[in-house]
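One structure follows; several queries about it will come next.
The values are calculated or read from the model by the stated rules, or taken from the named source; none is laboratory data. It should be emphasised that the depicted structure is a prediction, and the values quoted were computed from it without experimental measurement. Cβ: placed from backbone, ideal geometry, glycine included. Neighbour counts: every protein chain shown. Please note that ligands, DNA and RNA were not included when accessible areas were found on the heavy atoms of the full protein model with its side chains. Shrake-Rupley method; radii C 1.70, N 1.55, O 1.52, S 1.80 Å.
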Amino acid sequence: MIESAINSKDIKRVLPSWARVDRVVNNTAIYNMDIFENIMSFNQYNLDGPAVDYFGTVITYGEMVQLRDAYARGLKMLGVEEGDVVTLCLPVGIENLMLLFACNKLGAISNNVNFLFLKHDFARYTRDKKSKIIVTLDAYLPYFVEHLEHSHVKKVLIMNMDDFLPDEKKGMFLDTSKMPKKMRKVFDIKQITECMMNLDKVRGVDFIRLHDILNAGLHSVIGLPKGPVDMNRDISYYYTSGTTGDPKCVVYKEHSVNAYLEMHAGLDTKDYVGQRCLQVIPLTHMTGERVCAYQPLARGGCLVPYPIYNKDSFAHDLVESKAEYVVAAASFYLAAVKQGVIGPEALSRLRRPGSGGEPMTKSGVRQVDEWLRANGCNVRYSLGGGASEEGGATLVTYFMNEETKTNETGMPLKPFIKLKLEDENGNPVPQGQKGFLFASSPAAADRYLDDEEATAARWYIGEDGIRWGVTGDIAVENPDGSYNILGRASDSYINENGERIFLFDTEYALDPEDPINQWEITAFKVEDGMHEVVAQIVLKNGCDRDKAELVSYICKKYGVHAVKYYDEFELGEVTGKRDYLLLLQDYEGYYSPCDDTHLYKVTYSEDGTTSRKKISNEEASRQIG
């Protein structure tokens with residue numbers, strides 16, 4: 001614990017004189033403030049405390065006020081008005097955070113888009129949102145510059161990673177050697193320079209340095225809105241990950257994000273004023289915005305942004321940042337496990353290592369816990385999670401038993417979050433049995449943009465008068481009141497007896513003594529409408545067992561038909577999570593048992609045809625490597 005630090009539950013809050021409770025949703029009293037005013041109400045005795053530390057550039061809570069207003073004035077000088085849509089396509093950093101606040105100050109809607117979305121479908125994410133302005137990183141611009149001339153976009157504000165770096169750190173991102181291969185391509189200086197030199201050829205679009213807008217705003221006295229805000233206004237667009245189909249635009253209203261902070265106010269969330277909070281999840285994700293930015297700020301924490309979303313450097317970034325708190329994808333922790341021990345005291349400061357959004361097996365959690373302990377962290381890994389449409393942290397781990405918890409997703413934040421489990425016929429499911437998860441949260445999204453059908457399928461008003469969200473998750477309630485989110489309802493198939501088989505049941509059966517670091521269980525259609533269940537596996541470091549021999553062992557023990565080995569799982573470009581769609585379409589390179597001296601090499605296909613080639617165990621061992 002930070003020496004002499006104030007527990008966040010004991011923060012003395014100072015509300016603006018005009019603040020009033022606008023509404024009460026699920027027992028949550030929501031004030032008529034914008035999100036920045038809400039955050040600052042927790043920090044009036046902490047104005048000199050650090051709010052952001054960007055590689056040595058420290059911004060205090062008091063300085064954030066001036067910075068937010070400067071960006072807001074700069075945007076207003078460019079013509080941004082209430083209700084306008086401002087597309088933010090930025091890495092984790094000071095700029096993205098402050099522009100979220102600035103847009104909100106003006107009553108504009110922040111359209112939070114990963115640059116890969118713009119690369120693949122520019123019209124959907126800008127024209128369909130009627131966005132005339134984009135704020136982006138210079139390295140992202142080459143991916144969508146060709147679409148600008150024929151779009152509604154009139155102004156592009158461009159930042160550079162150096163803009164807020166201390167002088168001695170400027171240029172640090174020019175060395176791309178330690179970045180993932182895909183990120184090295186993004187930060188190709190030749191590609192960026194060539195793009196910037198040809199911007200004058202793009203007609204009808206003004207390109208402006210974001211830092212110039214900031215400087216103009218700092219010297220401006222243009223008026224800004226003050227006082228209460230309309231809690232029913234749309235304030236942000238975020239997007240589903242697309243792992244279950246095309247990404248949908250999720251619309252949040254002002255009262256939603258404020259509710260997220262209000263239902264945590266006064267609770268012992270094991271946070272302390274001044275704690276360093278490593279940010280690795282981009283603010284283009286709703287989790288990155290609320291869980292990793294707004295909530296730590298409302299707890300008086302210091303955000304430590306690391307803009308390169310890189311699982312391979314996560315372990316060392318965590319050490320270098322001197323963080324006490326971090327939320328990252330589960331895949332980041334499993335990558336860190338493979339990297340081994342950094343030092344016996346490397347993570348001695350870390351008190352809250354958390355993740356969310358991906359279920360984990362007990363074996364996976366055990367490996368992460370062992371890695372944390374070996375690096376000096378004396379607390380255990382926490383999962384947490386919940387559908388982003390319900391406001392993010394639907395299930396929290398603040399109140400879990402530190403000694404006994406394993407891979408529980410967490411507990412609902414009572415009395416604000418309501419959960420229920422039902423079977424396929426809508427009947428209640430008793431504790432200890434799997435069911436379809438429904439959630440009700442005051443922080444839930446309002447709707448999917450321009451998609452009444454999807455909205456109606458996602459939320460409904462029950463007979464109890466409660467607005468319920470259909471999460472699409474399968475979960476189980478444990479005896480202590482915690483829940484495990486096991487996986488998606490779609491992560492299943494119907495067998496020959498008409499029974500629904502959930503693939504994650506096999507995943508959760510993983511024996512921690514087996515040499516499997518990570519695995520995914522997938523079902524492929526085969527002839528006659530049947531399914532074969534396969535195990536896609538990353539082995540533990542140092543596994544010296546023959547991989548061909550392991551095929552028969554794994555298939556027999558876990559009841560799967562075939563096995564494929566991976567050096568590591570590919571992560572989705574947008575989410576940073578395991579790329580499930582890629583695994584669902586990975587049909588080649590499987591091995592299944594044949595007899596004592598042979599295996600079958602199996603190839604599946606989308607249309608259900610399957611080929612099997614009989615090969616010797618020795619040949620299989622050579623092929624697998």
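Sticking to Cα atoms, compute the Rg of the range 435-510 to one decimal and its Dmax as the biggest Cα-Cα distance, whole number, in Å.
15.2, 43
Across 5 Å bins from 0, what is the distribution of all Cα-Cα pair distances for the range 32-189, in whole percents?
2, 8, 16, 19, 18, 16, 12, 7, 2, 0
If you restrict to DSSP beta bridges whose two residues both lie in the chain, what percentage is antiparallel, to the nearest 5?
Just about 65 percent of them are antiparallel.
Quick check: the distance between the Cα centres of the range 138-157 and the range 302-354, to the nearest angstrom?
The range 138-157 and the range 302-354 have Cα centres spaced 34 Å from each other.
Under the rule of -39500 (n - 2.57) per DSSP H run of 4 or more residues, summed and divided by the residues of the chain, what mean residue ellipticity at 222 nm is obtained, to the nearest 500 deg cm²/dmol?
Only helices count here, giving -7000 deg cm²/dmol.
Over the range 209-335, what per residue volume does the convex hull of the Cα atoms give, in whole Å³?
186
Binning at 10 angstrom from zero up to the longest distance, how are the C-alpha pair distances of the range 118-168 distributed in percent?
24, 51, 17, 8, 1
Would you calculate the separation in nanometres between label points at A5 and C543, each defined as 7 Å from the Cα along the Cα-to-beta-carbon direction?
Distance between label points: 3.8 nm.
Collect residues whose amide H, placed 1.01 Å from N in the peptide plane, falls under 5 Å from the amide H of R23; neighbours closer than 5 in sequence don't count.
Placed amide hydrogens put I30 under 5 Å from R23.
Would you mind checking the pairs K119/K226; K181/K601; K76/K185; K130/K201; K181/K270; K362/K564 and listing those with alpha carbons more than 28 angstrom apart?
K119/K226; K181/K601; K76/K185; K181/K270
Let me ask something else about it. Ordered by residue, what ³J(HN,Hα) values in Hz, to whole numbers, does the range 286-301 give under the Karplus form 6.51 cos²θ - 1.76 cosθ + 1.60, where θ = phi - 60° and Gly and Pro are x?
For the range 286-301, the Karplus-derived couplings read 4, 4, x, 6, 7, 6, 9, 10, 5, 5, x, 5, 5, 9, x, x Hz, x marking Gly and Pro.
Taking each pair of distinct Cα atoms in the chain once, what is the resulting Kirkwood hydrodynamic radius in Å?
Kirkwood radius, the chain: 25.8 Å.
Moving on. From the square roots a ≥ b ≥ c of the eigenvalues of the alpha-carbon gyration tensor of the range 59-101, which class results: rounded (a/c under 1.5), prolate (a/b over b/c), or oblate?
oblate
Which three extents, in whole angstrom, do the alpha-carbon atoms of the range 341-408 cover along their principal axes, largest first?
Sorted from largest, the Cα extents of the range 341-408 read 39, 23, 21 Å.
Would you kindly state how much longer the chain becomes between L47 and K182 on full extension, computed as 0.36 nm times their sequence separation minus their alpha carbon distance, in nm to one decimal?
44.6 nm is the gain from fully extending L47 to K182.
Sort the range 302-441 into rounded, prolate or oblate with this rule: let a ≥ b ≥ c be the square roots of the eigenvalues of the Cα gyration tensor; rounded if a/c is under 1.5, and if a/c is not under 1.5, prolate when a/b is larger than b/c, oblate otherwise.
Note, shape of the range 302-441 comes out prolate.
Using a ≥ b ≥ c from the Cα gyration tensor of the range 1-109 (square roots of the eigenvalues), is it rounded, prolate or oblate, where a/c under 1.5 gives rounded and otherwise the larger of a/b and b/c decides, a/b for prolate?
oblate
Under a 1.4 Å probe, what is the accessible area of the chain per residue, stated in Å²?
That works out to 42 Å² per residue.
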